[in-house]
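Okay, so here's the structure we're looking at.
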Amino acid sequence: MVPEEVITMADKELQVREKRELQADAEQTRSGLVFTPAVDIFESEEEITLLADMPGVPSDGVTIDLQNDELKVAGEVEPQGSENETSLVREYETGRFHRHFSLSDRIDQSRISASMKDGVLRLVLPKVEKAKPRKIEVKAE
Amino acid sequence: MAVIRWKPGFFGWHRDPFAEMHRLRREMDNLLATHERGIASTAGVFPALNLSEDEDNLYVRAELPGVVPEEIEITTKENNLIIKGERKITTEGEKVSYHRREREAGSFRRIISLPTRVDADKVTAVCKKGVLTVTLPKAAETKPRQIEVKPQ
């Protein structure tokens, strides 16, 4: 028989995933490493929501650029630690974030909202309201 | 797809022997570049950590985006630091459909043995903007001490 604890402990353990370095989709004019953030993108009838992991990015370090159907998300990071520290072990690197997406729906630019919490960007892109099919009632005389 | 005529030449069937050499060299360069940056393998345990020091403290840092500070538990035992926690991703309602799902949820636990003795009572930890910083003050006996040379 399986003890009960084993069943309750069956939740997933996180695995290390190396940060993905951006494979030059645009030439970089500044030095430094660039990473592509991991994202979740989901859609409801009214809006598209994008969540991006961007640790170390302050809320004023985020740039969102939407032109036509092209969405660009970028984040500038604050340095981790001060300059007089000596590194002993380095398992990850830091650098700014950049990723771009193409959107299929029309977005209402004026209602886009973005927030940053615990290093996660939440970007809500409301869709432009389409002409809904309207049912026309035929009145009986 | 482009169709290229198969032309056996001096170097066998390669179209351009130099192109092949350039490709190899580029690959080697990339390999060396990663090595030179000094990235240690993570031993496969989440989270990846950076460890640094200054005169007074050791600093352990990890990127934990989306992990609320209340879900992180930090303990020291002998000269080990244990970082434990869980990353939760809330469900976004049933009516949504996903295009991408790259962010993962789950629990983690990692133990690091520290290179110097630390003052366990004075360890502090902050998690800001998804970056965890644990500051571990070095034990007094491990700090370099300057000895003054007195004139006679």
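The values are calculated or read from the model by the stated rules, or taken from the named source; none is laboratory data. Note that this is a predicted model, so its numbers are computed, not measured. Neighbour counts are summed over all protein chains in view; Cβ atoms, including those assigned to glycine, are modelled from backbone coordinates with ideal geometry. Side chains are part of the model used for accessible areas, which takes the heavy atoms of the whole protein and leaves out ligands, DNA and RNA. Shrake-Rupley method; radii C 1.70, N 1.55, O 1.52, S 1.80 Å.
Some points to look at:
- For the stretch B:97-123, filtering for residues that are open to solvent by less than 80 Å² (accessible area, probe 1.4 Å), over 18 Å from the mean Cα position of the chain (by Cα) and farther than 30 Å from A:Phe101 by Cβ leaves 5.
- Residues of the stretch B:132-147 satisfying the condition of being under 17 Å from the mean Cα position of the chain (by Cα) and either open to solvent by 50 Å² or more (accessible area, probe 1.4 Å) or among the hydrophobic types (A, V, I, L, M, F, W, C) (or both): B:Leu132, B:Val134
- Given (1) facing chain B (nearest Cβ under 7 Å); (2) at pLDDT below 80; (3) touching a Ser or Thr at 6+ places or on another chain (Cβ under 7 Å), index of the condition A:Leu22 fails: (1)
- Top-ranked residue of the stretch B:76-93 - restricted to ones that are assigned to a loop (DSSP other than H, G, I, E, B) and at the interface with chain A (Cβ under 8 Å from one of its Cβ atoms), ranked as modelled with the highest pLDDT: B:Ile89
- Just one of the listed residues (A:Pro37, A:Pro126) is out of contact with any Phe, Trp or Tyr (no Cβ under 9 Å at 6 or more places or on another chain) and in contact (Cβ under 8 Å) with a residue 12 or more places away in the chain, and it is A:Pro126.
- Filter result for the condition that a residue is part of a strand (DSSP E or B) and within 11 Å of chain B (Cβ to nearest Cβ), over A:Leu50, A:Leu123: A:Leu50
- Residues of the stretch B:48-75 classified as more than 7 Å from chain A (Cβ to nearest Cβ) and either surrounded by fewer than 18 Cβ atoms within 10 Å (Cβ to Cβ) or of a type in the set (Gly, Ala, Ser) (or both), total: 9
- Annotation: of all residues in the stretch A:83-120 being among the hydroxyl-bearing types (Ser, Thr, Tyr) and assigned to a loop (DSSP other than H, G, I, E, B), the one that is nearest to A:Ile48 (Cα to Cα) is A:Ser104.
- Unmet requirement for B:Ser113, which otherwise passes all of (1) out of contact with any Asp or Glu (no Cβ under 7 Å at 6 or more places or on another chain); (2) over 23 Å from A:Gln80 (Cβ atoms); (3) small (Gly, Ala, Ser): (2)
- Exclusive hit being open to solvent by 60 Å² or more (accessible area, probe 1.4 Å) and under 19 Å from the mean Cα position of the chain (by Cα), set B:Lys129, B:Lys150: B:Lys129
- Taken together, the residues in the stretch A:60-81 that are open to solvent by less than 60 Å² (accessible area, probe 1.4 Å) and either among the polar types (S, T, N, Q) or farther than 17 Å from A:Ile41 by Cα (or both) amount to 6.
- Of all residue pairs spaced 6 or more apart or on separate chains, those with beta-carbon atoms under 8 Å, a first member in the stretch A:83-108 that is farther than 28 Å from B:His99 by Cβ and a second member that is surrounded by 14 or more Cβ atoms within 10 Å (Cβ to Cβ) and of a type in the set (Asp, Glu) are A:Asn84/B:Asp54; A:Glu85/B:Glu53; A:Glu85/B:Asp54; A:Thr86/B:Glu53; A:Thr86/B:Asp54; A:Leu88/B:Glu53.
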